Amino acid sequence: MNELYNEWRSFLNEGRGRSLEKVTTFISREIVYALKDEGVRSAFLKTEPVTFYLTQEFTEVEWLRSVIVSLSSNEEHVYTHANYEYDLGATDEQRKNSDMNVNIVIPRNYDNSVLSELIPDLKDSIRHELEHSIQSTEMLTVVVDELSDGEIWKSLGTAKNYYTSEAETKAHVAGLYKKAKILREPFGEVLDRFLAEVWQTGMYHRYPEEKLDNLVLHIRELYRHYAASRYPNVEIDWENGESE
């Protein structure tokens, strides 16, 4: 009976995952269309941030009302940061009024050449936050309670609890898996680049190198194991076969 239950749960999760893949594609495509729009480019040249909304009804995602996109400028870096916002302690009905904020940083006088660099990170961020949008309030609250002041790196213990929480493990792996597919690279390679950034952030906060090594290796083992269990056909490393 337990095996049957686990197979059924896996089937449901796989179906939901495919739905979120479609929503990720839709949101990222609409954002790219907007970035190519001359009106958006002109407005961005004159003032920042430029903000626009995607108000499409996301029928596949019950707890998402709209996507709010903000553009800000940086002449040297192109990157995306997103977050899923909901009311603390919200009921299932109240969660329907939750939003996703997508913050995109690009050169002020950008052209279409930045999109090849932007899109993998954009889809990673969107898929990550969509994963949060289907998680229970209880699961998300564990992370919120741990980060009452919003500071992940106030201690190594806090950083470990954040990155290894159920909510963040699932969301990070889902986003990184999406990014790996877009880049046609092994999941393990994309994960290791992400973990290098985590390590560098820890160094910035002046934590001992040896302890950061242990933290990153722990996260790496957890994420690789979860990716293999969630995505049976995932290519973790090059030697596992050709990329998807």
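Points worth noting:
- Selection status of T51, under 21 Å from G175 (Cβ atoms), at pLDDT 90 or above and either of a type in the set (D, E) or out of contact with any Leu (no Cβ under 7 Å at 6 or more places or on another chain) (or both): no
Each row is one residue, and each column tells you yes or no for (1) at pLDDT below 90; (2) of a type in the set (G, A, S); (3) surrounded by 10 or more Cβ atoms within 10 Å (Cβ to Cβ).
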position	(1), (2), (3)
E3	yes, no, no
S10	yes, yes, yes
E14	yes, no, yes
F26	no, no, yes
V32	no, no, yes
V40	no, no, yes
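- Each residue in segment 107-137 was checked for being surrounded by 14 or more Cβ atoms within 10 Å (Cβ to Cβ) and in contact (Cβ under 8 Å) with a residue 40 or more places away in the chain, and 21 pass.
- Filter result for A196 (within 18 Å of W238 (Cα to Cα) and either of a type in the set (F, W, Y) or outside any loop (DSSP other than H, G, I, E, B) (or both)): no
- Residue check for V102: in the same structural domain as L35 (by TED's automatic domain parsing) and touching a residue at least 60 places away in the same chain (Cβ under 8 Å): yes
- Residue tally, condition modelled with pLDDT under 95, among the acidic types (D, E) and surrounded by 11 or more Cβ atoms within 10 Å (Cβ to Cβ), over segment 190-244: 3
- The numbered conditions (1) surrounded by fewer than 18 Cβ atoms within 10 Å (Cβ to Cβ); (2) in contact with a Phe, Trp or Tyr (Cβ under 6 Å, 6 or more places away or on another chain) are all true for S98 except (1).
- Residue within segment 127-145 that is more than 29 Å from V40 (Cα to Cα), charged (D, E, K, R) and either modelled with pLDDT under 95 or touching a helix residue (DSSP H, G or I) at 6+ places or on another chain (Cβ under 9 Å) (or both) present: yes
- Every pair of residues 6+ apart whose Cβ atoms lie under 6 Å, when the first sits in segment 171-191 and is within 16 Å of Y226 (Cβ to Cβ) while the second is β-branched (V, I, T) and modelled with pLDDT under 95: F187/V234; F187/I236; G188/I236
- Among residues of segment 65-92 being closer than 30 Å to S116 by Cβ and of a type in the set (S, T, N, Q), the one that is surrounded by the most Cβ atoms within 10 Å (Cβ to Cβ) is T80.
- Subset of segment 42-61 that is surrounded by 18 or more Cβ atoms within 10 Å (Cβ to Cβ) and in contact (Cβ under 8 Å) with a residue 60 or more places away in the chain - its residue that is nearest to Y177 (Cα to Cα): V61
The values are calculated or read from the model by the stated rules, or taken from the named source; none is laboratory data. On a predicted model such as this, the values are computed, not experimentally measured, just so you know. A quick note on method: Cβ atoms are made from the backbone with ideal geometry, for glycine too, and the neighbour counts reach across all protein chains shown.
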